[in-house]
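Report on the structure given below.
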Amino acid sequence: TPQLLATAGLSYVCDWANDEQPYRMTTAQGDLVSLPIALELDDIHALWERRVPVDRYGIMLSESFEGLYQDGAKTGRLLVLNLHPWLIGQPFRIGFLDAALEGIMRREGVWAAHGSAIVDWFRQQGT
């Protein structure tokens, strides 16, 4: 699949749950950058499949961020969230996401970025 994506002109993927930092994926058709996801925090995986209570989900987001924030003090870490408006966007759920994201964004040095901006930064590092 990565080779097909590179052939189609895509520059990055966000569906591998195997790291907390971006990395290069080399294919015969060119390089992709992987921005690994936090599968346990995917709202479908957590709220729909595992039936995590929504208040606990907000805590999971905050606790996961805190661990990554401490681990990434020198090298940075990604917290890529797969969110689906039909699920997390419901009025009785969205407040828990908002509260977690507000807490995350108050921390010094946090960068909320689109995937393409992260990929541009990653490539500028020469990695």
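Coordinate-derived values only; no laboratory data. Just so it is clear, the structure is predicted and the values come from calculations on it, not from any experiment. Cβ coordinates were reconstructed from backbone atoms using ideal geometry, including for glycine residues, and neighbour counts include every protein chain displayed.
Dividing the Cα radius of gyration of the chain by its Kirkwood radius returns 1.00 for Rg/Rh.
Helical content of the chain, expressed as a calculated mean residue ellipticity at 222 nm, amounts to -12500 deg cm²/dmol (DSSP H runs of 4 or more residues, -39,500 (n - 2.57) each, divided by residue number, nearest 500). Of the residues Glu102, Glu63, Glu49, the one that moves most in a GNM of the chain with alpha-carbon contacts below 10 Å is Glu49. Across the chain, the relative contact order, built from alpha-carbon pairs under 8 Å that are at least six residues apart, equals 24 percent.
Note on Ala113 and Trp16: with the Förster distance fixed at 25 Å, the Cβ-Cβ geometry gives a FRET efficiency of about 0.85.
In a fully extended conformation the segment linking Tyr23 and Trp48 would gain 6.1 nm over its present Cα-Cα distance, using 0.36 nm per residue. Label sites at Trp121 and Thr1, each approximated as a point 7 angstrom past Cα along Cα to Cβ, lie 2.6 nm apart. On C-alpha positions alone, give me the angle between the axis of helix 91-105 and the longest principal axis of the chain, in degrees, nearest 10. So the helix axis and the longest Cα principal axis differ by about 60 degrees.
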